[in-house]
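**Q** This is the structure I want to talk about, given as structure tokens.
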Amino acid sequence: MQCYPFGKSGIKTTRLGLGLAALGRPGYINLGHADDLDRDYDVAAMQAGAFAVLDAAWDAGIRYFDAARSYGRAEEFLANWLTARKIDVNAVAVGSKWGYTYTAEWQVSAEKHEVKDHSLPMLQRQIGESHTLLGNHLDLYQIHSATLDSGVMDNQDVLSRLAALRNDGLLIGFSVSGANQAATIEKALSIRFDGELLFGGVQATFNLLERSAESALHAANDAGLGVIVKEALSNGRLTPRNDMPEFAEQRALLDRISAENGTTIDALAIAFVLSQPWVSVVLSGAATVAHLQSNVCALDVAWSAELDAQLADLTETAEAYWQTRSNLAWN
Ligand SMILES: NC(=O)c1ccc[n+]([C@@H]2O[C@H](COP(=O)([O-])OP(=O)(O)OC[C@H]3O[C@@H](n4cnc5c(N)ncnc54)[C@H](OP(=O)(O)O)[C@@H]3O)[C@@H](O)[C@H]2O)c1
């Protein structure tokens, strides 16, 4: 898979990446997650499962990997895999995130799976933990799910510390979530240190159902940021796995269009995101080798204005989209 510049950062990435949110911990919100892990939560078994998907991603040519402190043991599994496969720091790009603490204690059902804290002490603690695990492999460090409400974009102590990390050579980014992603991105694009934009990368949810951040992401890419898209499959809602009755009409349309184009729903959905001129990396969130290999077929889908028109009506309002997402069960 060819590598391309990640914005103006000097880092190179492939257009597809692998996210480890579903690989590093027993519980997650993606549809059918428990089945994918065969409900086997032994740490060694889960690491072996992660290694298998990481190997399949590497064999498919993927060279960007996305983790977070709150994804349980995701950073540890990724670090162990990079070591076990003797992967050189220049042969791959690795991103991680700070701002949430994993609190599920390796359980599928927990009162709280993760706790948010965008304070300076949290950043100090978690950058230390991520560096200890990933070392020089860590290229991009992102605020996890920044929102205007969290106040992090106005926290001068945190922003100054991030600027210092940037000056030490770490690419600084942020991910956004919720129905107001665009406003947070616009705010972040106004933050400069020493005359330079603080952030070199942004990660946002964008897919056939949730398109509200499109113009803000376009502006971010125009400003020189690398743009990573997460949840391209809407946590499994844009896959053959989604047989929710309230989604039947959309499902029938996706089945027909993907069949007419000789592909699968998931590859079609990822191809839609890959067709955006402002996107740098689209993340696969696969937790099985079969799903990863199916997702990669998106590269073979020839996108067209006709496909755009046929799928335009799938768009939901951001409020409705995030309400549905908040109802997805941890499994
Ligand atoms: N706030 C943030 O910063 C944030 C939030 C969410 C995600 N992310 C990043 O984005 C990455 C991807 O997002 P995501 O995993 O949340 O959501 P996603 O990519 O929208 O959904 C992935 C889900 O789709 C399922 N799937 C994929 N291909 C399939 C197929 N062919 N058939 C049936 N099911 C299929 C996967 O199932 P399997 O599990 O069975 O493979 C997985 O459950 C994460 O790993 C993480 O790195 C960041």
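The values are calculated or read from the model by the stated rules, or taken from the named source; none is laboratory data. Model, not experiment: these values are computed from the prediction. Quick reminder, even Gly has a Cβ in these numbers, built from the backbone with ideal geometry, and neighbours come from all protein chains shown. Note: accessible area is taken over every heavy atom of the protein model, side chains too, but ligands, DNA and RNA are not part of it. Shrake-Rupley method; radii C 1.70, N 1.55, O 1.52, S 1.80 Å.
**Q** If the chain between W303 and V43 were fully stretched, how many nm would it gain, using 0.36 nm times the residue separation less the Cα-Cα distance?
**A** 89.6 nm
**Q** Moving on to the next point. In µm²/s, what is D for the range 137-215 at 37 °C and 0.692 mPa s, where D = kT/(6 pi eta Rh) by Stokes-Einstein and Rh is the Kirkwood radius from Cα pairs? The partial results should precede the final answer.
**A** Details: Rh = 13.0 Å.
Estimated diffusion coefficient is 253 µm²/s.
**Q** Expected output is a single nm value to one decimal: the length gained when fully extending between K8 and R192, i.e. 0.36 nm times separation in residues minus the C-alpha distance. What is it?
**A** On the way: separation 184, 0.36 × 184 = 66.24 nm, distance 1.52 nm.
That pair, K8 and R192, stretches by 64.7 nm at full extension.
**Q** Under a no-solvent Debye model with one identical scatterer per Cα of the range 3-326, what's log10 I(q)/I(0) at q = 0.08, 0.10, 0.14, 0.15 Å⁻¹?
**A** Log10 I(q)/I(0), no solvent term: -0.33, -0.53, -1.11, -1.30.
**Q** Under 25 Å Cα to Cα from K86, which lysines show up? Leave out anything in the same chain fewer than 8 places away.
**A** Once the sequence-local lysines are set aside, what remains near K86 is K12, K97.
**Q** How would you order 102-109, 156-163 from highest to lowest mean count of nearby Cβ atoms within 10 Å? Intermediate values should be presented prior to the final figure.
**A** Numbers: 102-109: 14.6, 156-163: 16.6.
Answer by packing, highest mean first, reads 156-163, 102-109.
**Q** Once you place label points 7 Å from the Cα toward the Cβ at L148 and E111, how far apart are they in nm?
**A** Label at L148, label at E111, 3.3 nm between them.
**Q** Antiparallel versus total DSSP beta bridges in the range 81-240: what percent is that, nearest 5?
**A** On the way: 5 of 23 bridges.
Around 20 percent of the beta bridges assigned by DSSP in the range 81-240 are antiparallel ones.
**Q** Here is a follow-up. Hey, if we sort L268, L299 by accessible area with the 1.4 Å probe, largest down, what's the order? Let's see the in-between values first.
**A** Working: L268 0, L299 80 Å².
The ranking, largest first, comes out as L299, L268.
**Q** Rounded to the nearest 0.05, what FRET efficiency is calculated for D222 and L253 with R0 set to 30 Å and r the Cβ-Cβ distance? Present the calculation step by step, with values, prior to reporting the outcome.
**A** Numbers: r = 32 Å, r/R0 = 1.07.
Plugging the Cβ-Cβ distance into 1/(1 + (r/R0)^6) gives 0.40.
**Q** Rounded if a/c is under 1.5, else prolate if a/b is larger than b/c, else oblate: which is the range 242-307, with a ≥ b ≥ c the root eigenvalues of its Cα gyration tensor? Each step should come with its number before you reach the end.
**A** Details: a/c = 1.66, a/b = 1.18, b/c = 1.41.
Judged from the Cα gyration tensor, the range 242-307 comes out oblate (a/c at least 1.5, b/c at or above a/b).
**Q** Which order do the peptides 271-280, 21-30 take when ranked by the mean count of other beta-carbon atoms within 10 Å per residue, highest first? Could the numbers behind the result be given before it?
**A** Values: 271-280: 18.7, 21-30: 23.7.
Put in order of decreasing packing, that is 21-30, 271-280.
**Q** Let me ask something else about it. In the range 38-90, what is the volume of the convex hull around the alpha carbon atoms, normalised per residue and reported in Å³? Don't jump to the answer; show the numbers that get you there.
**A** Details: hull volume 4.6 nm³, N = 53.
Given the Cα convex hull of the range 38-90, per-residue volume reads 86 Å³.
**Q** Quick one: accessible area per residue over the chain, 1.4 Å probe, rounded to a whole number of Å²? Numbers along the way, then the final one.
**A** Values: 13360 Å² over 331 residues.
Per residue, the chain has 40 Å² of solvent-accessible surface.
**Q** Express the carbon and sulfur contribution to the solvent-accessible surface of the range 3-326 as a percent, rounded to the nearest whole number, probe 1.4 angstrom. Walk me through the intermediate numbers first.
**A** Working: 6330 of 12840 Å².
Taking all protein chains in place, the range 3-326 shows 49 percent carbon and sulfur surface.
**Q** Another one. With both bridge residues required to lie in the chain, what share of the DSSP beta bridges run antiparallel, to the nearest 5%?
**A** Numbers: 8 of 36 bridges.
Expressed as a percentage, antiparallel bridges in the chain total about 20.
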